[in-house]
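Undergrad: This is the structure I want to talk about, given as structure tokens.
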Amino acid sequence: MVSLLLTVILGKLFATPSPALLVSHFDLQNKTHVLLAAVNVFNFWLVGVSACGLSCLTGAPFVKSLLIVGIYWLVFCLFSL
């Protein structure tokens, strides 16, 4: 919903709540632009909620779960570039 509103308001097709908003001409071929778009506020929220769920399901400490989910997210983002 936030991305949709940003797209309508700003008139940019790839507008997300990320540092990619600072790029004037977003290029999908530029890996730096794609990496900036991946550093999204909602991605950090998703990692935190997933770590909380993993911690509750396994009984592991939250910090350990956050480390595991965070590393998984980072590897996934790097491979998807």
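Undergrad: State which helices in the chain qualify, where a helix is a whole DSSP H run, it must extend 20 Å or more along its own axis by its Cα atoms, and its mean Kyte-Doolittle hydropathy must be at least 0.5. Working shown, then result.
TA: Working: long enough: 41-58 (26 Å, 1.61); 62-80 (26 Å, 2.08).
What comes out of the filter, once short or polar helices are dropped, is 41-58, 62-80.
Undergrad: For the chain, what is the accessible area per residue in Å², given a 1.4 Å probe and the full set of protein chains?
TA: Spelled out: the 1.4 Å probe surface of the chain, per residue, equals 74 Å².
Undergrad: With the chain treated as a Gaussian network of Cα nodes joined by springs under 10 Å, which of L13, L54, L21 yields the largest mean-square fluctuation?
TA: Top of the fluctuation ranking is L13.
Undergrad: Another question, if that's okay. To one decimal place, what orientation-averaged projected area in nm² is obtained for the convex hull of the Cα set of the chain?
TA: 5.9
Undergrad: GNM on the chain, C-alpha springs below 10 Å: top fluctuator among A51, A38, A60?
TA: A60
Undergrad: On the accessible surface of the chain, probed at 1.4 Å, how many percent belong to carbon and sulfur atoms?
TA: 77
Undergrad: While we're on this one: At L10 and L22, where each label point lies 7 Å from the Cα along Cα→Cβ, what is the point-to-point distance in nanometres?
TA: Once both label points are built, they end up 1.2 nm from each other.
The values are calculated or read from the model by the stated rules, or taken from the named source; none is laboratory data. Computed from a predicted model, the values in this text were never measured in an experiment. All Cβ positions, even for glycine, are placed from backbone atoms using ideal geometry, and neighbour counts span all protein chains on display. Heads up: the accessible areas ignore ligands, DNA and RNA and are worked out on the full protein's heavy atoms, side chains in. Shrake-Rupley method; radii C 1.70, N 1.55, O 1.52, S 1.80 Å.
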